[in-house]
Amino acid sequence: MDALTPYLEGFRALPKAPQHWLRALKEQSLQRAEARGFPGLRDEAWKYTSVAPLEKRSFKPASGTAKLDAAVLAAIAITGFKAHRAMFVNGRFDVTHSRLPTGVRAVPLDALGAALHNLPALPEIWQEDTFTDLNTALFQDGLLLELDEGARLDAPLELLHVSAPETVASSHHLRCIVRLGPDSLATLVERYVGLEGAKHLTNAVVQIDLAKRAQLTHVRLQEESTQGFHVGRVLVEQKEGSRYISHNLQLGGAWSRLDIYTRLAETGAHAELYGLYAVDKRQHIDNHTRIDHAACGTVSRELYRGILDGQGRAVFNGKVLVVPHAVKTDAEQANHNLILSRGAEIDTKPELEIYADDVKCSHGATIGQLDEDQLFYLRSRGLSVDTARNLLIAAFAEKLLGALPHPALAAHARGRLGTSITLPVQT
């Protein structure tokens, strides 16, 4: 297919994987992607997000030669945030600027045979996805986070992916695998930054396996460049008593699509999904989430909020599935959206699909503007229109920003949010 030609040509130009099993896996994945092509608007999951902007561009796999200097690193660093770091530049591991803790490996292609021979299988519903297949075919470096039973990371691990300008528009494919043993604990901060002038597509897949009573706090911060395109997949499998807490912040990029899927596979598994997205100008951000309650006594909580300005468009689709035997399921889902301009648009679709009795499930969505009574009250206290608006916008976002696991992350996100909606958020 013409739209996939740059990816097919890029695959042939890349070094072949040294292990036969991996080489075969990559070739099969590319063949599936080529046969299927990009999804169209007739695909229900892509009804409100057209891939036409991607098809019009020719993103070739990055050369891997881009380097960052100290000034750039200082500019993109989060002030006051102390963490271990695995840095990738245009999809390739940067050993110079990485600081990995015990139990974490950033694995280059030629080491994959020993480290990742048991590459986890994709969930069945993701085995027919073109972007995931392209990621499998084209990723060259990967991150492997493995914690033994009872192990705890002494500080967060920042997975920092930087998209830097190249001579041509480039695609970056990153694979991350997280395996937490029983009773282990970790915080992962997955961050995507696009430098000015970078024309790129980031295609990232993160596979997470949580053993019994393991706990993962996962912050995902997407702040790509104004010419950046972003596709992400987060695929989670949860065992008995495990806990997964997701903080998803979508604040950048020209066009972005993220899917988060978690399967509560055993009794007592608990998932919390929090998300904040902001669009301005002609940005397009799409968030799809799915939580499968596949065992009895599982709990999920989900809250997503959106702030829309300019001609920006956002999509939220959240699905909660309760299988027939998953009694005592407790699930709550909500999506709230704040519209700041006449040209902004939101398509929201919360869903419940329940096949079991004796469950407690709820969902809802709201779309509204700034409250005129609240604006009037603040103005009557001597505040300007802009200041009053900023305070209300900040209050709308604060329920999510204040829940982030580190104050430096919250402060950074507040500043980034102000840039995203062109209004400086007051805190």
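The values are calculated or read from the model by the stated rules, or taken from the named source; none is laboratory data. For clarity, every value in this text was computed on a predicted model and none was experimentally measured. Cβ placement follows ideal geometry from the backbone for every residue including glycine, while neighbour counts extend to all protein chains displayed. What goes into the accessible areas is simple: the full protein's heavy atoms, side chains included, and nothing from ligands, DNA or RNA. Shrake-Rupley method; radii C 1.70, N 1.55, O 1.52, S 1.80 Å.
With the structure loaded, tell me whether R263 is assigned to a strand (DSSP E or B) and among the basic types (K, R) or whether it fails that test. Answer is yes for this residue. Residues of segment 350-397 that are open to solvent by 70 Å² or more (accessible area, probe 1.4 Å), modelled with pLDDT of 90 or more and aromatic (F, W, Y): Y355 alone. Taking the numbered list (1) open to solvent by less than 30 Å² (accessible area, probe 1.4 Å); (2) over 19 Å from L221 (Cβ atoms) in turn, H172 passes all entries but (2).
Residue under question is E27, and the condition is that it be among the charged types (D, E, K, R) and touching a strand residue (DSSP E or B) at 6+ places or on another chain (Cβ under 9 Å); does it hold?
On the way: among the charged types (D, E, K, R): yes; touching a strand residue (DSSP E or B) at 6+ places or on another chain (Cβ under 9 Å): no.
No: the conditions fail for E27.
Output the number of residues of segment 308-325 satisfying the condition of being of a type in the set (A, V, I, L, M) and either assigned to a loop (DSSP other than H, G, I, E, B) or without any contact (Cβ under 8 Å) to a residue 12 or more places away in the chain (or both). Lay out the reasoning, then the answer.
Here is the first cut: in segment 308-325, the residues of a type in the set (A, V, I, L, M) are 308, 314-315, 320-323.
If we keep only those that are either assigned to a loop (DSSP other than H, G, I, E, B) or without any contact (Cβ under 8 Å) to a residue 12 or more places away in the chain (or both) too, we end up with 323.
Of the residues in segment 308-325, 1 are of a type in the set (A, V, I, L, M) and either assigned to a loop (DSSP other than H, G, I, E, B) or without any contact (Cβ under 8 Å) to a residue 12 or more places away in the chain (or both).
When each of A344, A334 is tested for being open to solvent by 10 Å² or more (accessible area, probe 1.4 Å), more than 27 Å from E124 (Cβ to Cβ), touching a residue at least 60 places away in the same chain (Cβ under 8 Å) and not acidic (D, E), the lone residue that passes is A344.
Taking segment 1-47 as the range and being free of Cβ contacts under 8 Å to residues at least 24 places away in the same chain, within 13 Å of D129 (Cα to Cα) and either basic (K, R) or surrounded by 15 or more Cβ atoms within 10 Å (Cβ to Cβ) (or both) as the test, only W46 passes. Of the residues making up segment 54-67, those that are at pLDDT 90 or above and open to solvent by less than 40 Å² (accessible area, probe 1.4 Å) number 2.
Filtered by the rule that a residue be assigned to a strand (DSSP E or B) and open to solvent by less than 30 Å² (accessible area, probe 1.4 Å), segment 133-164 gives G142, L143, L144, L145, L147, L157, E158, L159, L160, H161, V162, S163.
Please verify whether segment 326-339 includes one or more residues that are modelled with pLDDT under 95, of a type outside the set (A, V, I, L, M, F, W, C) and either outside any helix (DSSP H, G or I) or over 30 Å from W46 (Cα atoms) (or both). Don't jump to the end; show me each part of the working.
Keep residues of segment 326-339 that are modelled with pLDDT under 95, which gives none.
No: segment 326-339 contains no residue that is modelled with pLDDT under 95, of a type outside the set (A, V, I, L, M, F, W, C) and either outside any helix (DSSP H, G or I) or over 30 Å from W46 (Cα atoms) (or both).
Evaluate the following for A70: is it small (G, A, S), exposed (fewer than 15 other Cβ atoms within 10 Å of the Cβ) and modelled with pLDDT under 90? Break it down into steps so the answer makes sense when it comes.
Working: small (G, A, S): yes; exposed (fewer than 15 other Cβ atoms within 10 Å of the Cβ): yes; modelled with pLDDT under 90: yes.
So A70 passes the test.
The residue that is surrounded by the fewest Cβ atoms within 10 Å (Cβ to Cβ), counting only those in segment 264-298 that are over 18 Å from the mean Cα position of the chain (by Cα), hydrophobic (A, V, I, L, M, F, W, C) and closer than 14 Å to S246 by Cβ, is A269. Selection of segment 346-378 for residues being assigned to a helix (DSSP H, G or I) and either within 26 Å of A314 (Cβ to Cβ) or touching a Ser or Thr at 6+ places or on another chain (Cβ under 9 Å) (or both) yields E372, D373, Q374, L375, L378.
A residue that is open to solvent by 10 Å² or more (accessible area, probe 1.4 Å) and over 19 Å from the mean Cα position of the chain (by Cα) cannot be found anywhere in segment 250-263.
Would you check if T289 is more than 29 Å from A211 (Cα to Cα) and part of a strand (DSSP E or B)? Break it down stepwise before answering.
Values: more than 29 Å from A211 (Cα to Cα): no; part of a strand (DSSP E or B): yes.
No, not satisfied.
Residues in segment 222-235 that are buried (at least 24 other Cβ atoms within 10 Å of the Cβ) and touching a helix residue (DSSP H, G or I) at 6+ places or on another chain (Cβ under 8 Å): F229, V231.
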